[in-house]
Structure formats: C-alpha cells, structure tokens
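Asker: Here it is: the structure, laid out below.
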Amino acid sequence: MPTSRRSFVKGLGAAGAVLPAVGLLPGRGLAEDAPPADAGAAIDWKQFAGQTIALSGAIHPWSNAITPLLPEFTILTGINVTIDFQLETTYLGALPIRLARGSSTPDVFMFTTYGQGISNGWLEPLNGYYSLKSLTDPAWYDESDLLKTARAFPLWSDGERYAVPITSEAMTLFINRDAMAAKDLPVPQTFEELLATAKAVKANGISGIAMRAQAGGNSSPPAMGFVFSYGGAMVEHNRVAFASPEAIAAVEMYGQLLSQAGPAGVGSYEWYNVLDDFLQGRTAMAIDSSNFATDISNPAKSRVAKQAGFASFPHLAGREPVPFMSHWQACINSKSRNKRAAFLFLLWATSKATSLRTAAAGLATTRVSAWSSDGFKKAFGSQAAEAALTNLQNADVDRAKAILFHAQSRPILDAFMIGVNEVVNGAKPAKDAMTGAAERANAAIRG
C-alpha cells in the first residue's frame, strides 16, 4: 500500500471508534461550533439527538475527507457516529456476508454491488425519505446542483433510489511529462498511439504503462473502459457480452499494452500498485481513477508531482472514447434501527456546504458547485479536474450501470478479469480467454 494509505489507516485509529459529541475541532473557536451546513435549511437538525449510527466503508478518498468533519455533524445534530473503514478488498468481501446475516449495523455503508443489494433486500428504499418535509428541504439540498451522472446513477429501473452518490470518478490517463519529453513524444490520443508510446518510453527501471490486471472483479474498471471504447458492452439483455468481436479486440489491446510495455508482475496489479508505481516514477503512464489526482499532485506523497499530467481516456480511431465511470454510493441498511438519523447524515454529507469542504480536501464530489470551486481546483489540480470532467462527460452511464447494478455483477466481473489476466500473462489468446470467461459468467447468471 502507498504510504498515504498506510498513514490514513493509522489516523483512523481503532475500528468502531466513537467520534465525540462535544469538543472543539482543531483550529475552530467557540463561535464556530455550529457549522454552516445548516444555513437556510428548514430541517430540525436535533430531532434525532442522542442516537448513534454506525458508518462503514472502504479506505478511500471519501472516507479520508469526511472523517475530519464528522464531529461537526455531531455538534449540529447530537447524533454520534462510529466509524469502521477497512482496506477496500477486505471491506467489499466482508460486507455482503454481514448484510446477508441480517445485521442491523452498519446503519450507513459505502456500496458498489447495487443490484445484489436490492435483489436481496439489504438496501432501504429512499424516495419516501426525500419526500418527508421533516427530513428534507429540497430547496436547500438543491438536486439541480448534482452532476448529471450523479442524478442518473442511483435510479433503479422502477425509479426508486436505494443509494446516494458520494463521489465521482472516471478512468483517466496519467502522464509523466518528463518521460515523454525525453523521447519527444506527445500525449497519445488513440489506443494505437498509446501502445506505440508505451513501448517507446519503456526503459530499465520504468515501465511504459501501468494498469490493473489482477484476476478479480475489483481490477476491472480500466479494462471495461477499453471494452466500451471499442464499441462493446459487459452485459446486454441479461447476457454477458464480453465475448463479442469488439470486446475481444479491446482485451487484446489491453493485453498487448501490459505484456509489451507494462511493469514486471503486472498480472497481480491492483489499483494501489498502479498508483504507487506512478507516484514513485516507476511508470511513464498509467490509466486508473481520476481520484488519484490528489495524491499524484501532492509533493509530500508524489515524486512526480511537478511533471504529472492528466489527459482524456484514449479512443479507437474513428470512434469517441467511452471511459468507465462510476459513483461510489452510500446506502442505508434495511435492517437499521436508526434509518431517519442515517438519512439525515447522508443529506448532510452530500449537501452543498459539506461538499465544498470535502472538495477543498481534494475529493471529487457529486456537486457542480464543488467542482467549480477554487478550493477543489487548488487541491485536485485544474488540469486534473478538466480531464476528469471530460472523461465523466464522455462516459456512458447506462453501460456502466448495466454491469454495476446487475444482481450477479461480482461473479461476472470476476470471470471477466480472469480472462483479462490470462491475456495479460500470455496464457491464452484474447478470443479463447474471453469466450471461456463469458461461458463461466453466463453460467453464474443462470445459477
């Protein structure tokens, strides 16, 4: 894990720690005890005072940004918050088991496998909470300020919402400008240019490009962007679609990039390996989440902060780029005993005022006002913000939702990445690997 992530784990302290209901935050005075999030809201913030909600999630930029502000929520509402943030793979593996057992905690949790959660009844439907005047002030919350993708993302097929988007991210191309300048190379635009550039800049001790390739669903976002950009899809009409000619060609290119210009051992790479390689100057290019920008641009964490560049996702000649995008979402446990307090927390956490605060810490929120704020541009970097927004605008929300919201998304993504891993490692050609992967995934859907 990169140093920044290790430091954050230590900073959170013991899992389940209770944040204080009273007391001053660093740098705050007595006159500032009431935070500005309540300004103009026609909501009784104290209506659930004395309750405690349990918040769980992955160690992630959102948990990093929201944790320092939680005492302010307690001061505002009288609601205590316990936190339990774990390494992402550990968290995503353990949460479904806990929910399947019918646990009433966590009350609020970060979530990705939306379809699984809805089909199993784990997630509380939220439309009714939005319509309660005692809980929600629509004018104050101002959903029109949400990014278009954030408004569309949580909508289920029947129009119900079971989650609140908390972050925005899209696959983005990271460039070490010094490595490119040494070969007098421009930023690649197409996949063919990306391959040629990656091979040209690869040298002793530095790979041409780093991307995820581990044989597990958590590694799938960059490769899915290749599939989408080649005109393919992950799921169509409740059938796996990544054995199509378009998807096979996309995975073949992905395999060529990493086998010919990737780092040694790339078949085991997860997101944190990609980020660490780029931070340490061990790769000339990388493709991964736009949310990496805050670490990449931070001289305290990154050796390449001054020479880092951010660019649009590559495209196939003659086609527009379609990077994979997603919004991490937060849900309320359908078995929670504190559902209204939990909903009030979600409103506060994603409000304009709180989003401005988290954006100033470099978090890519779901708010237009936060994205356009000076604090966000300073923390995230203006070029990184522009690239991320471009990639979000180029993304296809429906194609992303088709796989992310599928009830069998996890086994489908696992099968997909096993196939990708086989191609990257040279074990199988793309056609054989993806045909076999699709057969396994369709078998999982049939149950």
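Asker: Be a star and scan the range 371-411 for residues whose amide nitrogen sits under 18 Å from the point 7 Å along the Cα-to-Cβ vector of residue 158.
Answerer: The answer is 405-408.
Asker: Would you mind computing Rg(Cα) / (2.2 N^0.38 Å) for the range 305-447, counting N as its residues?
Answerer: The reported ratio for this selection is 1.36.
Asker: Just name one of 218, 104, 152: the one whose Cα is farthest towards the positive end of the charge dipole of the range 74-227 (beta-carbon charges, Lys/Arg +1, Asp/Glu -1).
Answerer: Selected residue: 218.
Asker: Give the residues of the range 423-439 whose amide nitrogen is closer than 20 Å to a point set 7 Å from the Cα of residue 260 in the direction of its Cβ.
Answerer: Correct set: 423-434.
Asker: With +1 on each Lys and Arg Cβ and -1 on each Asp and Glu Cβ, and nothing else charged, work out how big the dipole of the chain is about its Cα centre, in Debye to the nearest 20.
Answerer: 640
Asker: Under unit Cβ charges (Lys, Arg +1; Asp, Glu -1), what dipole magnitude, rounded to 20 debye, does the range 278-416 have relative to its Cα centre?
Answerer: Charge dipole of the range 278-416: 620 debye, to the nearest 20.
Asker: Let me ask another. Give the peptides 383-395, 147-159 in descending order of average Cβ contacts within 10 Å, highest first.
Answerer: Going by the mean number of other Cβ atoms within 10 Å, highest first, we get 383-395, 147-159.
Asker: Can you tell me the order of 97-110, 127-140 when each peptide is scored by its average per-residue count of other Cβ atoms within 10 angstrom, highest first?
Answerer: Peptide ranking by packing, descending: 97-110, 127-140.
Asker: Of 438, 281, 194, which is farthest on the positive side of the dipole of the chain, counting Cα position, with +1 on Lys and Arg Cβ, -1 on Asp and Glu Cβ, and the Cα centre as origin?
Answerer: 281
Asker: Another question about this same structure. Of 94, 244, 362, which is farthest along the charge dipole of the chain in the positive direction, counting Lys and Arg as +1 and Asp and Glu as -1 at C-beta?
Answerer: The Cα lying farthest towards the positive end belongs to 94.
Asker: Compare the peptides 244-250, 283-289, 162-168, 179-185 by average per-residue count of other Cβ atoms within 10 angstrom and give them in order, highest first.
Answerer: 283-289, 162-168, 244-250, 179-185
Asker: In nm, what is the difference between 0.36 nm times the number of residues separating residue 97 and residue 134 and their Cα-Cα distance?
Answerer: Extra length available between residue 97 and residue 134 comes to 9.9 nm.
Asker: Under a point-charge model restricted to the Cβ atoms of Lys and Arg (+1) and Asp and Glu (-1), what is the dipole moment magnitude of the range 181-267 relative to its Cα centre, in debye to the nearest 20?
Answerer: Here the size comes out at about 260 debye.
Asker: Solvent-accessible area of residue 445, probe 1.4 Å, all protein chains present, reported in Å² to the nearest ten, please.
Answerer: 40
The values are calculated or read from the model by the stated rules, or taken from the named source; none is laboratory data. For clarity, every value in this text was computed on a predicted model and none was experimentally measured. FYI the Cβ positions are ideal-geometry reconstructions off the backbone, even for glycines, and counts take in every protein chain you see. Note: accessible area is taken over every heavy atom of the protein model, side chains too, but ligands, DNA and RNA are not part of it. Shrake-Rupley method; radii C 1.70, N 1.55, O 1.52, S 1.80 Å.
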